[in-house]
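For reference, the structure is listed below as structure tokens.
The values are calculated or read from the model by the stated rules, or taken from the named source; none is laboratory data. Model, not experiment: these values are computed from the prediction. As a convention, Cβ positions derive from the backbone with ideal geometry for all residues, glycine included, and neighbour counts pool all protein chains shown. For the accessible areas, the whole protein counts, side chains as well, though only heavy atoms, and no ligand, DNA or RNA atoms are used. Shrake-Rupley method; radii C 1.70, N 1.55, O 1.52, S 1.80 Å.
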Amino acid sequence: SKGNHRHYMLKEIYEQPIVVAQTLRAYLQRMEEQVTLPIPDFDLSAIKRVTIVACGTSYYAGMVAKYWFEQFARVPVDIDVASEFRYRAPVMEEGGLMIVISQSGETADTLAALRHARSEGQTIAAVVNVPTSTMAREADLLLPTHAGPEIGVASTKAFSCQLAVLAALAANLAKAKGKLDEAEERRIVRHLAEAPASLNAALAYDESIQAMAGVIAAARDVLYLGRGTDYPLALEGALKLKEISYIHAEGYAAGEMKHGPIALIDDAVPVIVIAPSGPLFDKTVSNMQEVQARDGKVVLISDYDGIQAAGDGCIATITMPKVHPLIAPLVYAVPVQLLAYHVAVAKGTDVDQPRNLAKSVTVE
Ligand code: F6R
């Protein structure tokens, strides 16, 4: 049931602190401050490269994970959308780990990619939310997300749980490959363990997000910008907005703006900038200022420090709790989900059953 919530989507956004905690419990030993896998003796030490394949929101979770696998485990990562993957003669060498990510575990293109990788001798890990699904059954290493049933067609809680599992998997791979010392492992466990509380803190800004939804609801086009792991978040924000509010939206890497899309900017195009304070902040802010110099209406999503530093001249700001960069993608998922939700409600669209979309895409 939807409980007190008006839509399943909103209920599922609000469930994130609990389901992320539930998911992390299967991958972290809090007492020992260690990361683990659901199959504790599954050997990842021979993995030399990683291929990630998924569709839609699950693909964006994979894009975030690529940064983590490279940073922690120092293994090369190849990533593609499932419908493109098989048709480009991908090179899959010995010692390859194929990670499929899927809420339903039934998406036809992703399943076909899994089977192709299997035939090429890859080890298969499946990050899935439905434990009885086809992908779950066909994987060597089943990595469940414990998000519970997701009813809203727009994926929300499955995404944050996918990120939690992928962060833990990246740490496990790094550990297996001797790239993670104990102190580092403890730090990762502590940061991940903070995610549920930070998600709660992010949800506390719901009303302020709702208050500014009208400005976005009136727009014809919306751009989302981010850099590093905030780039996939920008893509996810744009996908959420277009699928439930039917407003045209695009996500871009912040640094790509000046290579074309900046031509679109005028005072009718809101630009949502996702920029937690940190090492990438100044670079993203300078891209944001390029937008403002062309009369673009910027909404800045950052923490208190970021908004103090760069909030002037924005049409609105959304304040997030200050979080470690590792969990920022989970936490910043909340405002982009809530923004899309409130814009759709303001427009009066069918939030839980958007037109033309199905929850599970079982045709290629
Ligand atoms: C977006 C959305 C879709 C799915 C995609 C993959 O909100 O729900 O883009 O993420 O169809 O579905 P799964 O994860 O079930 O493979």
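Which condition number does Ala171 fail, the rest of (1) within 16 Å of the ligand (Cβ to nearest atom); (2) open to solvent by less than 40 Å² (accessible area, probe 1.4 Å) being met?
Result: Ala171 passes all but (1).
Only one of these is open to solvent by 10 Å² or more (accessible area, probe 1.4 Å), farther than 30 Å from Asp350 by Cα, at pLDDT below 95 and not charged (D, E, K, R): Gly255, Gly278, Gly228. Name it.
Gly278
Name every residue in region 131-178 that is touching a helix residue (DSSP H, G or I) at 6+ places or on another chain (Cβ under 7 Å) and among the β-branched types (Val, Ile, Thr), in order of residue number.
Matches in region 131-178: Thr134, Thr145, Ile151, Thr156, Val165.
Here is a check on your reading of the model: is Glu150 over 15 Å from the mean Cα position of the chain (by Cα), surrounded by 20 or more Cβ atoms within 10 Å (Cβ to Cβ) and part of a loop (DSSP other than H, G, I, E, B)?
Yes, satisfied.
Test Ala108 against the stated conditions and say whether it is more than 15 Å from the ligand (Cβ to nearest atom), surrounded by fewer than 17 Cβ atoms within 10 Å (Cβ to Cβ) and more than 19 Å from Ile47 (Cβ to Cβ).
no
What's the total number of residues in region 93-105 that are more than 13 Å from the ligand (Cβ to nearest atom) and open to solvent by 20 Å² or more (accessible area, probe 1.4 Å)?
The number of residues fulfilling the criteria is 3.
Look at region 318-361 and say how many of its residues are farther than 15 Å from Glu243 by Cα and within 12 Å of the ligand (Cβ to nearest atom).
Going through region 318-361 one residue at a time, the tally reaches 1.
Any residue in region 218-244 that is more than 13 Å from Pro276 (Cβ to Cβ) sitting within a Cβ distance under 8 Å of a residue that is of a type in the set (D, E, K, R) and surrounded by fewer than 24 Cβ atoms within 10 Å (Cβ to Cβ)? List the pairs, counting only those 6 or more apart or interchain.
So the pair list comes out as Asp221/Glu250; Val222/Glu250; Leu223/Glu250; Tyr224/Glu250; Ala238/Glu250.
Report those helices (runs of 4 or more DSSP H) wholly inside region 195-289 carrying at least 2 residues which are more than 20 Å from the chain's Cα centre (by Cα).
Here the list reads 206-217.
Within region 290-318, count every residue that is open to solvent by 40 Å² or more (accessible area, probe 1.4 Å) and either touching a residue at least 60 places away in the same chain (Cβ under 8 Å) or part of a loop (DSSP other than H, G, I, E, B) (or both).
7
Tell me, please, whether a residue that is free of Cβ contacts under 8 Å to residues at least 12 places away in the same chain, farther than 20 Å from Tyr27 by Cβ, not in a helix (DSSP H, G or I) and not acidic (Asp, Glu) can be found in region 154-172.
no
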